[in-house]
Amino acid sequence: YLQTTPVAALVAVVLAVGCEAPPPARDAGPTSLSPCDGGEAWPCPPGWVRAAVGGCGPAALLCQAEGGAEPGACDAPGVRENAPFETDDGGVGWRFGVGPDGSVTGGWNARPPACPEGWSAQEDGACEPVMRACPEGATPIPGGRCTPTALADCPSEVFPARDAETVGARVLYVRADAPPWDADGTAEHPFTTLREGIARAGTDGHVFVAKGTYAEPLRLDGTARIRGVCAARVIVAPPEDLSVPVNGALRLRGVTVRGGVRVYGALDAQEVSFAATGMFALEVTGANARATLRGVRMSVPLQGASAALKVTGTSRFSIADFAIEGGEGVGMEFAGGGDPPATVEDGMVRGMSVSAVTRWLGHGIKIVGGAHVAATRLLLVENSEDAIQVGDVGSSLTLRYASLRDTRPHGPDGGGKGVHTNDGASATLEFVRMVGNSNTGASAFSGATLTVRDCVVRNTRPRGNGTAGRGLDAHHGGFLTVERTLVEGNHQVGVYSYNGSRVTLRDVAVRGTDAPPQETFGAGIGVVGAQLDARRVLVEDSTEAGVAVLNWTSPSRVVIEDLIVRRVRSSPSRGFAMGFITGGGSQTRASRVAVVDVGGVGVGAQEYGPIFRAPGSRIEGSDYYIQRVREDSVQYNMSDPAHPARIVASYGLVAGSRASVALDRVAIDAVGAGVAVLGPIVLRGVVVARSERFGVLNRTEVDPSQAVWQSVTCAGLARARVEFDDTLVDPH
C-alpha cells in the first residue's frame, strides 16, 4: 500500500483548450516516489489468460502469434475458440476467440445464417438475394425470379386456358377487336367490352379476356372474376387516367391496369401489372378493405405520384412475389390498421425518388399511423431519404432476411438511412444486410425502439454535406438494442447513443470507422449525454477514439463487460488516437477491458474539450489490459485547428482533473507513462511493464494523498518511479 503525504504551497493552474497556461510554480517537496512494492499475481477472469510480463489479458489477443501470453497459458482446449456460454439472464453469449487469420472472433460471426432459397451467403456473414436479368415487361424478384408480366409469359392461345377452378363454371369471353354485332360472350363471338362481360357473367361467372387495350371506365360494385391471357397483352386503361374503384370483390389475373385501382372492398390479384398515372398505382383503403397480391409489378410516373402502393386503415393485406421500380414518391405506404399485421414477402422496391410535385420523399417503405407490417426476403435498393421509415406511436415493423442498399439522401442535410424509426415507433430487424446507405444505417429517434439482431451494417456514406455516415444510432430518447451484429466500414461513429437515448450491445463487432470528409473523428462507439450497456464488444480500426463517453445536457451512464479496443488511427487534423475515454461528468462501470495499439491515451477519465467540461467523471471496474500506446497528441488548440498547440505523450491510464479512477487488477505494457494522475486514483493490483516510467502526477491538480495503489509489479521500466510534474496537462 502506498500513499504520499500532502504537498504544501501548490499553485492553482487553469488548463483551458485554446490557450496555453504558463507552467505552475513547483514547491520544494520531493520530485518523485517509488510505487513498486512487488505485487502478487491475481486469478484471470473467464476468457482471459496470464501475460508473460504479468497480469492478465484476453485470450483472443494474447493467444495469437506473438500475442504475449505466458508460456503454456494457451494450451488448454478451447482457449482460442469463441465458445458459447449461458449468461446471467439465461441467454447465450459468445466469448472472444482467435480466427485462423488472426482476427478476433465472437458472437457476430458465431452463427452464420442459413440463407433462404435463392439467396447467397456473403463474406461478411449476411445473405444477398440472387437477382436475374428479366425480359421486357418483367422486373426481378429476390431469389432469381421475375414478375410473370413479360411478353414471354404469354401463351399462344387467344384466350386463357381453363383450369380446375373454371371447369363447369360459367365463362364469358371478351376481345377488344371482335365484331360487336353478333357478340354473345362465347369464345367464337366474344363481347368487346369488359363492362358487358362482367355484367353478363354475374356473381358466379368468369370473364376471360383476349389481348387488346380496354379503354373504358370501370366501377366494380359486385363480384367479378377477370382473367386476361397475360399482363403484357391485356391493357385496362380507363379514359382520362381514371382509377378503377372496387367496392365489391374482384379477382384479377393476367392484366395490366393503367390509371390506378382503389380498393374499398376486396381484391385478389395475381400476375398483374399496376401502372399509376395518378396518385397511386394501387390503394387499399377503409376498415372493410382487404387485398391479396401475388406475382405483381407496380410502376409510378416520373411526377405527380404519392406512392405506388398505399394501404390505409386495414391490416387485412398481403403481398408476395412483387416488384416496385422507378418513379417518384413512396414505394409502399402503410397507414393505420390493426392486427394481424400486413404481410410483405419476396419483393423488391427500387429507385424511388422525391416527387417534384407532391414533395413526397422517395422512401422504399413507409409505415405510419399505427400500422403493423411483417416482412421477409426483401430487397430495397437505390431509394431516396429512407429505405424504410417507421414513424409515430404504435407503428411497427418486423423484418427478416432483407438487403437494404444504396439509399440516397435528399439534399445536403437529408437522410438516406437504411431504416429510420421515429416518434415512439418500433422495429425489429433480423438477418438484414444494410450496405452503402447514407447518414445512418439504422436509427432509433425520438422515443422509438429499434432491435437489430444477426445483422450486418456496412459502408454507410456521409450525407450530402459531408457529415455523418454512422452505422447505428439512437437519438433524442431512442432505444436501440443490437445483438450478434457486425458494424463495419462506417463513418463518424460506428454505434452512437445520444441525448437521453439508451443503447444495449451484445456480441457486437464495430470495425473500420473512419472520419467523413467534413469531420475529424470516426469513433467506434460514442455516448453523449446518454446510456450504454455493452457486453462482449470488439472495436477495431477506429479514427481518433475507440470508445468515447461524453456529456451533453446530462452526464452519460455506461456499463461495460468484455470490451476489446484495438488499432485506433490518429484523426486527420487533430492527431488524437485515444482508446477508451470518458468525460463531462460521465459515470462508467467497466470490467474486462483491453485496449491495444492506440495513441496518446489508452484509458482515461478526463474533461475532453471545453463544451464537455463538467466535474465528476469516473471510471470504476476491474481487469484491464492496456498495451502499446504510442506517442500522440493529448491536447490541441481547439480555437485554431489549423495551427494546433499540440502536446504529445503516451499514457496507459489517465485520471484527469475533476475526474476519478478506481480499478482492480490492471496490466499496462509498452507505454510511455503507465499512469497520468491529475485526479483521485485508486488501483489495487497493478503491473506496469516495458515502459518508460510507472507514472507522472500533477500536484497542482490533485493532492498526492489521493493517489493510492497497492500490490504493484514493475518489470522492465526505464524509471520505476511516479514523477511529480506540475506542468502535466489534462488530456483535452
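The values are calculated or read from the model by the stated rules, or taken from the named source; none is laboratory data. None of the values given here were measured: they were computed from a predicted structure. For neighbour counting, all protein chains shown are included, and Cβ atoms are generated from backbone atoms with ideal geometry for every residue, glycine included. Note: accessible area is taken over every heavy atom of the protein model, side chains too, but ligands, DNA and RNA are not part of it. Shrake-Rupley method; radii C 1.70, N 1.55, O 1.52, S 1.80 Å.
Worth pointing out:
- Using a Förster distance of 60 Å, the FRET efficiency for Val158-Asn465 (Cβ separation, nearest 0.05): 0.55
- For Kirkwood radius over Cα pairs in Å, calculated from these coordinates, the label among (1) 27.3; (2) 26.6; (3) 28.4: (3)
- Percent of Cα-Cα distances greater than 26 Å, calculated over region 199-322: 10 percent
- Our summary gives the chain a relative contact order of 9 percent, counting only alpha carbon pairs under 8 angstrom and 6 or more residues apart.
- When the Cα positions of Ala183, Pro160, Val171 are compared along the charge dipole of region 157-240, Pro160 comes out farthest toward the positive end, with charges on each C-beta of Lys, Arg, Asp and Glu.
- Net +/- balance of residues flanking Ser446 in space, Cβ distance below 11 Å, scoring K and R +1, D and E -1: -2
- Diagonalising the gyration tensor over the Cα atoms of region 294-345 and scaling each eigenvalue by 5 before taking the square root yields semi-axes of 21, 14, 6 Å, largest first.
- Quotient of C-alpha Rg and 2.2 N^0.38 Å, computed over region 644-699: 1.13
- Straight-line reach from Lys310: taking Cα to Cα under 27 Å and skipping same-chain neighbours fewer than 8 places apart, the lysines in range are Lys366, Lys417.
- Calculated on the Cα set of region 506-570, radius of gyration then Dmax: 11.9, 33 Å.
- Accessible area per residue for the chain, computed on protein heavy atoms with a 1.4 Å probe, is 36 Å².
- Neighbourhood net charge (14 Å Cβ-Cβ; Lys/Arg +1, Asp/Glu -1) for Asp221: +3
- Longest to shortest principal axis, alpha-carbon extents of region 363-498, angstrom: 34, 26, 25
- Per residue, the convex hull spanned by the Cα atoms of region 309-387 amounts to 74 cubic angstrom.
- Rounded to the nearest 500, the helix-only mean residue ellipticity at 222 nm of the chain stands at -500 deg cm²/dmol, with each DSSP H run of n ≥ 4 adding -39,500 (n - 2.57).
- Overall, the accessible surface of the chain at a probe of 1.4 angstrom is composed of carbon and sulfur to the extent of 49 percent.
- Look at the Cα gyration tensor of region 669-732: its axes a ≥ b ≥ c give a/c of at least 1.5 with a/b at or below b/c, and that counts as oblate.
- For region 99-106, putting each phi into the Karplus relation 6.51 cos²θ - 1.76 cosθ + 1.60 with θ = phi - 60° gives couplings of x, x, 9, x, 6, 8, 9, x Hz, in residue order, rounded to whole numbers and with x for Gly and Pro.
- For region 498-627, the C-alpha radius of gyration sits at 0.94 times the compact-globule guess of 2.2 N^0.38 Å, with N the residue count.
- Beta bridge orientation in the chain: antiparallel %, DSSP, nearest 5: 10 percent
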